[in-house]
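To start, the structure under review is shown below, and the notes come after it.
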Amino acid sequence: MSETTTNEDSRTSASRLGVVVVEPFAVVRAGLVGTIDASPGLEVLAAVASAEEAMGIVDRLRRTRLVILVAMGLPGEQDAYWLIRALRERFPGHVILGMGANADPNAISRALFTGADGFVDKNVEVDEFLAALRAAGEDEVVIAGPAAASVGTIAEGIERRRSPTFRLTRREREVLVVASEGLTAREIADRLGVRERTVTTHLARIYGKLGVGNRLAALRLAARSGLVSIRQDE
């Protein structure tokens, strides 16, 4: 395979929405992988059977944006709720979808409050399932399945949490607002009465939480969320 072909394959892969499947049953897991991989624009990057495996593989994947499907039937102490909470705390930029069959509204509500960004019932049609994955990748709160109407009001509350800047602490938001004025790290530090190193640490954490690599990208995300205003020519 030529270097050109390899680079093209790499770019194509990066353009697809990466999905991680966490499902304890091998046959179901294989079915999910085949269905997702056969759909344009989607790519299964890993498929595992346990919460422990999931935490390890997500940590190793070099993607700033993933959709992680978590089956609610994970056994043991590290169950689905444990995994959802752990993923949300450690990887705030990724999308987490709970997944189950005939799940009752209480289970779905608990998954959402624990940190899931949505829920997909395994009984939905294939097209609806795939559409839910794509919508989740676009930052939409997705509740797909018979229980959707019962948890609609909860989903509305989750919308606010899906705003990228909602993941930031009060101090991090403050640093980002001041940074939008075009100040250097030293100038931000003087304005806020802290050390320059403290500001650079805050900025690094902000970039990590927002899944971006620089200040301009962070400010553009913050502007879309209404946190800051930036000039159109930036």
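The values are calculated or read from the model by the stated rules, or taken from the named source; none is laboratory data. What you see is a predicted model; the values in this text were computed from it and never measured. Heavy atoms of the whole protein, side chains included, go into the accessibility calculation; ligands, DNA and RNA do not. Shrake-Rupley method; radii C 1.70, N 1.55, O 1.52, S 1.80 Å.
Extension gain, Asp37 to Ile57: 0.36 nm times the residue separation minus the Cα-Cα distance gives 5.4 nm.
Expressed as a whole percentage, what fraction of the accessible surface of the stretch 63-149 belongs to carbon and sulfur atoms when a 1.4 Å probe is rolled over the protein heavy atoms?
On the way: 1800 of 3740 Å².
Exposed carbon and sulfur together represent 48 percent of the surface.
For the set Met99, Met72, solvent exposure ranked by accessible area (probe 1.4 Å, protein chains only) runs largest to smallest as Met72, Met99.
Sorted from longest to shortest, the spans of the Cα atoms of the stretch 165-225 along the three principal axes equal 27, 19, 18 Å.
Between Leu192 and Ala101, what is 0.36 nm times their sequence separation minus the Cα-Cα distance? Round to one decimal in nm. Intermediate results must be reported in sequence, preceding the final value.
On the way: separation 91, 0.36 × 91 = 32.76 nm, distance 5.07 nm.
This chain segment gains 27.7 nm when fully extended.
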